[in-house]
Amino acid sequence: MSIVLIGYMGSGKSTIGRKLAKIVDFEFIDLDDYIQKKENLSIPQIFETKGEIYFRKKEHLYLKEVLQLSNIILSLGGGTPCYGSNMDAILNAEGAHSIYLKSSIPSLVKRLTPEKAQRPLIAHLKTEEELTEFIGKHLFERSFYYSQSNQTVVTDGKSIAVIAEEIVASLF
Ligand SMILES: Nc1ncnc2c1ncn2[C@@H]1O[C@H](COP(=O)(O)OP(=O)(O)OP(=O)(O)O)[C@@H](O)[C@H]1O
Ligand SMILES: O=C(O)C1=C[C@@H](O)[C@@H](O)[C@H](O)C1
Ligand SMILES: [Mg+2]
């Protein structure tokens, strides 16, 4: 069995995934890190030098690769389920259980404000109002994909440890 964590940028996929992997003693794979290692470039460098379409093609390729593995905790990128056939591939992957980490717009704005620079899609947004408006629209479009996950876990007002324990309790 594998657990696939899905959700918007800042929903906690990477942080919770790492914690979860320690608790259940599964290998942890963060798709963004996997892409960066394989391409030998950071995500912002890939967007800058090769463009988003190149990134999305590689994201699809490497997603298919890691979905073949078992006993892993897989944290996806924020956009992964929303392009091409990716969500179908996730839902049809043998032994994969997908979890949508659902977070409110204010929580996402709070978490992403100090970390905008590492995320090319929001790095240019200057004020809290701009970030709030962007996330509101973007999340509305993306929720269609995220909500197809096998399970939804609300993250607002919960610590990383509490969310990880909640997931473990619901599955094992
Ligand atoms: N429930 C939470 N409570 C407090 N802080 C949180 C929570 N979830 C995530 N964070 C913080 O928000 C920031 C973003 O989290 P993280 O990098 O795990 O998000 P992500 O979903 O992997 O984003 P991306 O899609 O961009 O990779 C981190 O600094 C993390 O510590
Ligand atoms: O939400 C998105 O589309 C992205 C989220 C990040 O995890 C990275 O995959 C990249 O910055 C794109
Ligand atoms: Mg991440």
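Per-residue extension of 0.36 nm, minus the Cα-Cα distance of I23 and Y54, leaves a gain of 7.7 nm for this segment. With neighbours defined as other Cβ atoms within 10 Å of a residue's Cβ, the residues E115, E141 order from fewest to most as E141, E115.
Taking only the Cα atoms of the range 2-171, the radius of gyration and Dmax are 15.2, 43 Å. Spin-label pair L121-I160: with each label point 7 Å from Cα along the Cα-Cβ axis, the two points sit 2.2 nm from one another. Under the rule of -39500 (n - 2.57) per DSSP H run of 4 or more residues, summed and divided by the residues of the chain, what mean residue ellipticity at 222 nm is obtained, to the nearest 500 deg cm²/dmol? Dividing the helical sum by the residues of the chain leaves -16000 deg cm²/dmol. Here the simple spin-label model places points 7 Å from the Cα toward Cβ, and for Q151 and S170 these points are separated by 0.6 nm. Here T49, T113 are placed in order of increasing Cβ neighbour count within 10 Å, fewest first, which gives T49, T113. Pairs of Cα atoms nearer than 8 Å and 6+ residues apart set the relative contact order; for the range 52-114 it is 28 percent. Straightening the chain between K137 and L91 buys 14.1 nm, computed as 0.36 nm per residue apart minus the Cα-Cα spacing. By other beta-carbon atoms within 10 Å, ranking H60, H138 with the fewest at the front produces H60, H138. Simple rule: put +1 on each Lys or Arg Cβ and -1 on each Asp or Glu Cβ in the chain, find the dipole, and look at I3, G78, I53; the Cα lying farthest toward the positive end is I53. When +1 charges are put on Lys and Arg Cβ atoms and -1 charges on Asp and Glu Cβ atoms, the dipole computed for the chain relative to its Cα centre reaches about 160 debye. Look at the alpha carbon pairs under 8 Å that are at least 6 residues apart: their mean separation over the length of the range 2-171 gives a relative contact order of 35 percent. In this rough spin-label picture, where each label sits 7 Å from Cα along the Cβ direction, the Q45-K110 distance is 3.5 nm.
None of the figures in this text is laboratory data; all of them are computed from the coordinates on show. Since the structure is predicted, the reported quantities are computational estimates derived from the model, not experimental observations. Every residue, glycine as well, gets a Cβ built from its backbone with ideal geometry; the counts of neighbours run over all protein chains shown.
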